[in-house]
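*Asks:* Got a structure here, written out as structure tokens. Questions coming.
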Amino acid sequence: MAKTVGPIIEVSGLYKSYGKVEALRGMDLLVPRGTVFGFLGPNGAGKSTTMKILMGLIRPTRGEAFLFGRDALHAGPAARSRIGYLPQDPEFHTDRTVREILKFAGRLYPGGMNPLTLRRRVDALIEQVGLVGKDRRRVRALSGGERQRLGIAQALIGKPDLLILDEPSAGLDPRGRREVIDLINDVRQHTTVFYSTHILDDVQRVSDAVAVVGGGRMLAQGSIGDILGTPIGTYTAMLRGKPAAALRKRVGAEPWVASVETVRRGELEEWTVRLSDDSAADRLLPLLVGQRGCDLVEFHLSDRSLEDAYLEIVGGVHGE
Amino acid sequence: MASERRYLAGFGGYLWGELLPWLGWRGLVRLLVWTGLVNLVLYLDVVTDWDIGWVTLESLDEAVDLVWLFAALGAIVVTVGPVVSERRRGTAGWVVSKPVSRGSYIVGKVVAHSLGVAVSMVFIPGLVVYQWLPDVEHVRGFAPPTPELSRYLIALGVVALVTTFLVALVVMLGTLIKRRGPVTGVSFFLLIFVFTPPAVFSWSKYLPGMLIDWQRPTGLSPLANYVFGGPMGPSEAIWVTVLAIGVFTAIAAASFQRAEL
């Protein structure tokens, strides 16, 4: 029985071995419908393997995977007609042109699209991915970035409910990366986007939720806020002037202060104070206010980037 | 891989996509080159009496054999590339990530290449030969009977059947071996083996070679004999050829079904 609500992708206890190499070691994953979902992890973490299993291209050693509530391993063409997939390093027929590849891909969907509809759809996609003027060029003559754009276009040709993109920004210049983000934003109203990438700034900019994987298994999953986690009690203070050395010594000597780091930035000095007791922030502030020789001009909880959180999470499995 | 709910899902769209390269201008160039090559060799043979060893007769029956030989070589060469390279480079994986079953992929490959070879390497070159050769023979003082067009077309159909056998063989080998060199080598070896003169093996009447037999030392081949009003080669060979096409395609599909792409 197919589930009509719930996650669009559900993976549970997925294992995949290539001889003695274990690519997946009990991967779990839940991708909610209607989200832009970033799939993060170092090289060899199992991201592409998971995506290939979902697409039915490889078979898991054991475990379960569901797409649209149906068993992904037996979903077949009906499920794939609702999915657009961009493989890592996409390879198309090199002797065909961009336009021919997109028409070829369009004809593979149920109904095959009538020629006029297909032509309009191809024209629109060529414009959307920035391949105008290159649509008569053979695939073998495309640059890596152009090939990636073609890959994104072919993934979108069937107006999918679910986009699975394996490193869509790979090989693209900064402008191309921005266009991928814009494109994901364009389709997110009607399409769930599940994509892997190493560009964490992009993930933070566009994703609703992320999963961090490593060593073939899930390490963390949730909204960006969940992954960034509860503030860990690091505060930044900007002091104008020259604070006395005694002030730093005094702050550092407090039992609720774990560390103090200072960096000179022109006429300002930036203090990064990490507290061992997060509730002690109200005791830190009075120490910095009204000091002789310096004025406190800024005081705030330090931002934590997704990159910080990511490195913290994958650090535990690095080198496995 | 995953069992498909519809074994031939997406077949029509995929087949059309595979046929397009045969229909576009690249297909036209291939057709012209092939037709020109076959006809040029035959013309040189007939007009200059140039004997290249295994072509000894200068008439339409010989033309059928020549068309067959070129088409057999062409069928192997044009099928090996797409089948092996698409698998190795990942294009096959991309195609079956679309709503196309793996069965459709294999059957589509066999059908598209068989049709492409049949039209551009068998029927059109053969019909061009049929147009000019009798006139040239008469000019040279020979007066071979002009065969009925219907018999000639059926003979070309048999050639197309046997080239389909070769296409299916290459597709099967391509899914099993996955390397261009060995697939090509094994295909050429089997081409020689399957079309060995019937006298070598008592059971060779079941081989497709009995329908064509281009290696015969003297006399008319079974197919040429048919063109001039004789009986067709052994029906066993026809049925075995048809059966082999089905078996090769089924083995290829079963192998591809389990393949990790």
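*Asks:* Averaged across the residues of A:89-101, what count of C-beta atoms belonging to other chains lies within 10 Å of each residue's C-beta?
*Replies:* 4
*Asks:* Each label point is 7 Å from the Cα along the Cα-to-Cβ direction; what then is the distance between the points at residue B:242 and residue A:265, in nm?
*Replies:* 8.3
*Asks:* Tell me, Kirkwood radius of segment A:56-126 from alpha-carbon pair distances, in Å? It would help to have the intermediate numbers written out before the result.
*Replies:* Working: mean 1/r = 0.0699 Å⁻¹.
Every distinct Cα pair counted, the radius reaches 14.3 Å.
*Asks:* Could you work out how much longer the chain between residue A:43 and residue A:277 gets when fully extended? Use 0.36 nm per residue separation minus the Cα distance between them, nm to one decimal.
*Replies:* 80.6 nm
*Asks:* How much of the DSSP bridge set in chain A is antiparallel, in percent, rounded to the nearest 5?
*Replies:* On the way: 44 of 61 bridges.
If we restrict to bridges inside chain A, about 70 percent are antiparallel.
*Asks:* For the charge dipole of segment A:1-160, defined by +1 on Lys and Arg C-beta atoms and -1 on Asp and Glu C-beta atoms about the Cα centroid, which residue among A:75, A:32, A:46 has the Cα displaced farthest towards the positive pole?
*Replies:* Value: A:75.
*Asks:* Please compute the Kirkwood hydrodynamic radius over the protein assembly as shown, one decimal place, Å, based on all pairs of different Cα atoms.
*Replies:* Final number for the Kirkwood radius of the protein assembly as shown is 28.3 Å.
*Asks:* Okay, moving on. If the cut-off is a Cα-Cα distance under 16 Å, which aspartates and glutamates reach residue A:159, setting aside same-chain residues fewer than 8 apart in sequence?
*Replies:* Once the sequence-local aspartates and glutamates are set aside, what remains near residue A:159 is A:123, A:127, A:186.
*Asks:* I would also like to ask the following. Along its principal axes, what span do the Cα atoms of segment A:173-242 show, with the longest given first and each in whole Å?
*Replies:* 53, 33, 24
*Asks:* If you don't mind, there's one more thing I want to ask. Can you flag which of A:52/B:109; A:47/A:103; A:16/A:52; B:98/B:178; B:109/B:178; A:16/A:47 are past 20 Å Cα-Cα?
*Replies:* Over 20 Å apart, Cα to Cα: A:52/B:109; A:47/A:103; B:98/B:178.
*Asks:* Right, something else. To make sure I understand, if each residue's beta carbon is the centre and we count other beta carbons within 10 Å, what order do B:45, A:166 fall in, fewest to most?
*Replies:* Fewest-to-most ranking of B:45, A:166: B:45, A:166.
*Asks:* Assuming R0 = 41 Å, what is the FRET efficiency of residue B:186 and residue A:70, from their Cβ-Cβ distance, to the nearest 0.05? It would help to have the intermediate numbers written out before the result.
*Replies:* On the way: r = 40 Å, r/R0 = 0.99.
With a Förster radius of 41 Å, E is 0.50.
*Asks:* On alpha-carbon atoms, Rg over Rh for chain A using Kirkwood Rh?
*Replies:* 1.11
Every read-out reported here was derived from the displayed coordinates using simple, explicitly stated rules and does not represent laboratory data. Worth saying up front: this structure is predicted, and the values here are computed from it rather than measured. A quick note on method: Cβ atoms are made from the backbone with ideal geometry, for glycine too, and the neighbour counts reach across all protein chains shown.
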